[in-house]
Amino acid sequence: MRNLNMYYEDFFGLDSFIHTHKIKNNDTLLIQVFTGINDEKYIRNVLENIVSFLPDAVIVGSTTDGEIMNGQVSTHKTIISFTEFEHTRLTVAMIKHGQDGYYSGKYIAQTLIEDDTKLLIAFADGLHSNGEAFLEGINAVNSTVMVAGGLAGDNATFSKTYVFTKDFISDNGAVCVALHSKQLDVMNDYSFSWRRIGRELTLTHVEANRVYTIDNRTAVETYIHYLGEDMAKGLPAIGIEFPLMMKRKGIDVARAVLIKHDDGSLSFAGNLKEGDKVQLGYGDPLDILERSKDVWQEMKRHGSEAIFVYSCMARRHFMPEDINKETLPLQELAPTVGFYTYGEFFTAEKKELLNQTMTMISLREKIIVHEEDIEMHQESQLVGTSVNALIHLANTTANEVMEEKTLRRERDTFELLFNKSPDGILLIDYDTFFQVNQQIVNLFEYSSKEVFLDTNIRKIFPRFQPDGTSSLRKMYRFREEALKEKKEVQGEWLLKKEDQTLFWAEVIFTSIVLNGREMIYLVCRDISDRKEMELELSRQKNILYYQAHHDMLTGLPNRTLFVKELKEALTSRMLEDEELALLFIDLDRFKKINDSLGHAIGDKVLTIIGERLKKIIKNDNIAARLGGDEFLVMLNHVKHHDEILQSIAEILKVIEEPVYIDHYTLYTSASIGVSCAPKDGFNADNLVKFADTAMYKAKENTNSHYQFYDSEMTDKAYEHLMMEKDLREGIKNGDFEVYYQPQINMQTGDIVGLEALVRWKHPVVGLLFPDVFIPLSEKTGLIVELDFWVMKEAMEQVSQWYKEGLSPGVLALNMSMQELEYPQLEEKIYQNLENYKFDVKWLELEITETEVMKNPDSVIAILEKLHKIGISIAIDDFGTGYSSLSQLKSLPITTLKIDRSFISDIPQDEDAVAIVQTVLALSESLRLEVVAEGIENEVQRDFLLDKGCTVGQGYYYSKPLRAREIEQMLIKHAMRKPSID
């Protein structure tokens with residue numbers, strides 16, 4: 001299996017990603033869509049775009065409260081995750097909620113679960129779904145199948161959430177995909193780490209998941225009482241960060257708030273019941289990150305090919321700056337994708353709805369073993385805390401405990417917040433330190449708390465901050481804002497340790513009342529590493545930007561930067577008498593340099609050409625390397641057409657100058673295609689495409705090295721494109737047929753062989769001959785697939801004729817250069833020999849003399865291998881490729897085929913006669929068989945016989961025939977031969 005993830009921006013980006021990564025359309029492709037854009041019209045557009053490329057894929061998706069892509073957390077973005085399975089079958093179901101989520105869960109389970117079902121990934125809307133009832137419905141049908149997923153989010157607006165498949169979008173329903181497989185290995189895990197804080201409370205009026213009263217206060221009043229009115233105004237969102245917690249089967253379970261009702265009641269993301277003992281919950285950042293290490297180790301031991309994360313939105317809101325530390329390390333093990341939910345589905349002893357939890361699913365279809373020395377990379381620095389809510393909770397709890405005449409809970413709660421905090425905490429009473437925790441002592445590197453408490457407050461600050469502000473004045477300003485305006489004041493400060501070393505810290509000033517006195521509660525954390533990292537990250541970003549936008553070989557801008565600059569130039573206002581010209585430059589015969597001297601020399605040539613272009617392309621014009629031997633040049637603010645011609649002349653001149661590399665003196669030239677704005681439009685991609693089209697036209701025109709684009713070129717390119725499309729579909733649909741032309745012993749009239757030829761039965765045009773489609777198939781690379789299809793069909797047919805007692809002789813198959821260089825050529829031949837019981841002596845492979853001469857050394861090596869296994873080799877169209885005698889002697893060949901262009905002119909053309917006689921003499925001296933092609937009359941036959949050529953083919957004997965017609969001819973020849981008693 002393979003997992004690939006992308007940020008979706010538009011149709012074209014999706015198209016590029018699918019084609020770049022060669023994602024194939026089939027029904028074992030799972031696509032998950034997680035979007036922070038909560039708009040039904042937008043979602044429908046995304047789905048239509050995906051389906052236009054991958055109509056058979058299975059799609060499920062959800063709106064989010066944050067997305068996870070390759071371990072990185074984002075918001076208000078759209079992520080598309082592609083998972084290609086090899087041994088897993090997918091089915092999908094969807095339903096709108098009726099009476100209860102229970103019946104939706106039951107319907108999905110009944111619809112999807114089969115004997116080999118390994119996993120259900122389900123998403124339900126986040127505002128109307130009773131998640132616990134939904135899971136109970138699934139459990140009622142099957143209690144063993146694993147369930148993952150969660151409730152949809154809407155970025156904490158609590159207005160509308162959506163779940164969807166490619167055929168279904170609902171704000172009040174559920175979707176689910178089932179994974180069926182014997183080989184799929186699924187592991188799940190979760191991270192909770194939310195602590196219960198404050199006194200134990202009792203639910204006094206509950207209906208399903210709607211809580212009316214807690215300790216006889218309305219649910220909303222309870223939150224106001226314990227968190228403060230300001231914080232409670234954030235309901236229902238704040239009820240996700242501060243859920244109700246309880247014990248269920250010995251496990252801490254949280255229930256987050258989903259809806260705040262006008263009557264003061266609250267709806268939660270799962271069922272509760274009257275009498276339940278609950279406490280408010282709050283996350284412990286250290287525990288959260290520590291638990292993530294354990295999960296990482298479990299995932300490493302399991303070995304993953306893909307990891308899906310469905311995590312509670314509270315975790316993202318609770319520690320927004322540190323949330324990546326939970327998910328990014330998972331990307332080191334396998335591609336990691338998912339979203340932040342309003343409730344998570346998890347399977348332990350039974351299927352549970354969780355909140356405040358990160359749930360994970362690890363998938364693999366094969367055994368993955370991670371290297372033993374791989375370690376989890378996670379920063380320990382923590383940023384972000386809801387200080388006001390915690391302090392209010394601590395104060396309120398303390399007051400209640402004092403009313404009950406006990407101080408123990410106050411000390412426990414305050415110690416949890418103060419002494420156990422991962423941050424340094426100072427309590428400041430005006431200008432003196434009232435109390436500090438051990439983290440502050442460690443942070444400032446003092447020997448003890450007592451020494452620190454005796455220190456003058458001014459000693460922990462330098463005189464001035466980096467922005468020139470007086471540290472003392474800034475401190476007084478922060479303190480006044482915290483005390484008078486009753487708000488949290490946060491900033492980055494430069495502080496001073498006991499040894500005078502300066503360090504960066506983030507500080508938060510908040511007011512707190514202790515023992516009736518109002519003080520400053522100051523949270524302090526060292527961010528020196530982060531500041532250093534920010535500087536390094538800025539430097540790395542600059543490097544990465546350069547690498548992403550420049551060609552590493554030449555230093556020129558790459559296509560990405562060029563198109564960006566082109567678009568900006570096109571959108572900027574041009575004067576009426578100005579135009580923009582785009583030059584598409586392709587080096588001529590550059591492949592010969594690579595093939596003959598190697599890629600190292602070729603790269604040096606490209607570097608030198610790039611340097612020359614840099615020198616002549618000035619002002620606001622730009623030169624770029626597109627890739628390979630292709631360059632682009634943009635000429636901006638062109639006022640006269642002659643300026644374009646002058647630039648072309650300069651470019652051709654510097655390219656054609658000799659290139660000196662080592663002891664080589666090399667010469668190059670170029671073909672240039674030109675498109676212009678506004679004449680050819682203002683679309684950047686079209687201008688590049690048009691210039692490319694014109695460049696190919698320039699290559700065809702031997703009289704000029706450049707060509708300006710006109711619209712007729714696009715029409716011809718379109719015809720070429722449609723022909724290529726038809727050719728691909730024709731190969732796929734079997735629209736081709738093998739014809740056979742007999743090779744005849746001209747002395748006896750016997751059939752001694754058959755040459756296999758191919759015809760295209762085009763569904764619209766009709767029968768097409770090879771000269772129409774072979775050049776295109778060679779150009780597109782489809783020739784290899786077509787040649788192997790002909791080989792299979794012909795070898796199967798000839799073998800069948802031999803089984804029937806007929807004698808078709810040697811099968812001659814034409815080989816293209818691309819097929820000859822195909823890495824698995826021998827394997828393909830062996831496979832056909834074995835499959836069709838085909839005797840190797842029946843097979844002859846033909847390659848043209850012209851193809852041999854393109855790269856004789858490479859061809860000889862390949863032909864030697866084929867010859868050694870007993871395959872006969874023939875040189876086709878001999879006499880047209882200018883091979884030398886020494887090259888001919890080194891080829892492992894058995895047969896020469898005289899080209900029809902010479903046969904057609906004998907015996908009246910003296911030059912043709914001389915060539916034929918020379919070939920016959922040469923073949924006799926090299927002990928080679930000779931076949932004359934294109935014999936059309938008796939005179940040609942008699943001449944060839946007289947000169948010693950005994951085997952020929954051509955329309956005189958027979959045109960190429962269908963298999964059934966050849967079979968009749970073979971039967972007639974068999975009947976002519978006398979039987980032997």
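The values are calculated or read from the model by the stated rules, or taken from the named source; none is laboratory data. Given the structure is predicted, the values throughout are model-derived calculations rather than measurements. Note that we place each Cβ from the backbone using ideal geometry, even for glycine, and neighbour counts take in every protein chain shown. Remember, those area values only see protein heavy atoms, side chains included, never the ligands or the DNA or RNA. Shrake-Rupley method; radii C 1.70, N 1.55, O 1.52, S 1.80 Å.
Given a Förster radius of 60 Å and the C-beta distance between Ser52 and Tyr802 as r, what FRET efficiency does 1/(1 + (r/R0)^6) yield to the nearest 0.05? It comes to 0.75.
Largest first, the residues Ser958, Ser711 sort by 1.4 Å accessible area into Ser711, Ser958. Backbone N atoms of segment 154-196 closer than 20 Å to the 7 Å Cα→Cβ label point of Gln99 belong to residues 172-174. Counting only protein heavy atoms and a 1.4 Å probe, tell me what percentage of segment 606-657's accessible area is made up of carbon and sulfur. Ligands and nucleic acids excluded, carbon and sulfur give 49 percent. Here the relative contact order of segment 1-156, from alpha carbon pairs under 8 Å that lie six or more residues apart, stands at 26 percent. For Lys679, the accessible surface of its heavy atoms amounts to roughly 120 Å² (probe 1.4 Å, protein chains only, rounded to the nearest 10).
Here the spin labels are modelled as points 7 Å beyond Cα on the Cα-Cβ line, and at Lys792 and Asp467 they lie 7.2 nm apart. When Met853, Met246, Met533 are compared by accessible surface with a 1.4 Å probe, the order from highest to lowest is Met533, Met853, Met246. The alpha carbon centroids of segment 905-981 and segment 292-342 are separated by 74 Å. Along the Cα→Cβ direction, 7 angstrom out, place labels at Thr91 and Ala348. What is the inter-label distance in nm? Between Thr91 and Ala348, the simple spin-label model gives 3.0 nm. For the chain, relative contact order (Cα pairs under 8 Å, six or more residues apart, normalised by length) works out to 6 percent. Packing order of peptides 907-916, 536-545, highest average first: 907-916, 536-545 (average count of other Cβ atoms within 10 Å over each peptide's residues). Comparing Cα centroids, segment 504-567 and segment 209-257 end up 36 angstrom apart.
Checking the a/c ratio against 1.5 first, then a/b against b/c, what shape does the Cα gyration tensor give for segment 736-886? Rounded, since a/c falls under 1.5. Taking each residue as 0.36 nm, the span from Glu643 to Glu778 lengthens on full extension beyond its C-alpha to C-alpha distance by 44.7 nm.
The protection proxy used here, the mean number of other Cβ atoms lying within 10 Å of each residue, ranks peptides 188-194, 556-562 as follows, highest first: 188-194, 556-562. Segment 579-593 and segment 139-200 have Cα centres separated by 54 Å. For Thr144, the accessible area of its heavy atoms, probed at 1.4 Å with every protein chain present, is near 110 square angstrom.
For the chain, the longest principal axis of the alpha carbon atoms and the long axis of helix 910-925 meet at an angle near 80°.
If R0 is taken as 56 Å, the Cβ-Cβ distance between Val913 and Glu611 corresponds to a FRET efficiency of 0.50. Using a 1.4 angstrom probe on heavy atoms only, work out the carbon and sulfur share of the accessible area of segment 717-828 in %. The C+S portion of the solvent-accessible surface of segment 717-828 is 52 percent. Note on segment 450-602: with neighbouring protein chains present and a 1.4 Å probe, carbon and sulfur make up 51 percent of its accessible heavy-atom surface. Going by accessible surface with a 1.4 Å probe and the largest first, Trp842, Trp801, Trp789 read Trp789, Trp842, Trp801. What the Cβ-Cβ distance of Lys247 and Glu785 gives, at R0 = 45 Å and to the nearest 0.05, is a FRET efficiency of 0.10.
Among the protein heavy atoms, those of Ile37 account for about 60 Å² of accessible surface (1.4 Å probe, every chain in place). Think of a 1.4 Å ball rolled over the protein heavy atoms: the chain then has 46 Å² of accessible area per residue. Full extension of the chain between Lys592 and Lys972 yields a length gain of 131.6 nm, computed as 0.36 nm times the residue separation minus the alpha carbon distance.
In the set (i) 1.11; (ii) 0.94; (iii) 0.98, which value of Rg/Rh (Cα atoms, Kirkwood Rh) was calculated from the structure you see? Label (i) holds the value from this structure. Note on Gln297 and Ile731: their simple-model spin labels are 5.3 nm apart, each label 7 Å out from Cα toward Cβ. Segment Asp685..Lys449, full-extension length gain: 78.2 nm, with 0.36 nm per residue of separation and the alpha-carbon distance subtracted. Computed on segment 148-296, with alpha-carbon pairs under 8 angstrom and 6+ residues apart, the relative contact order is 27 percent.
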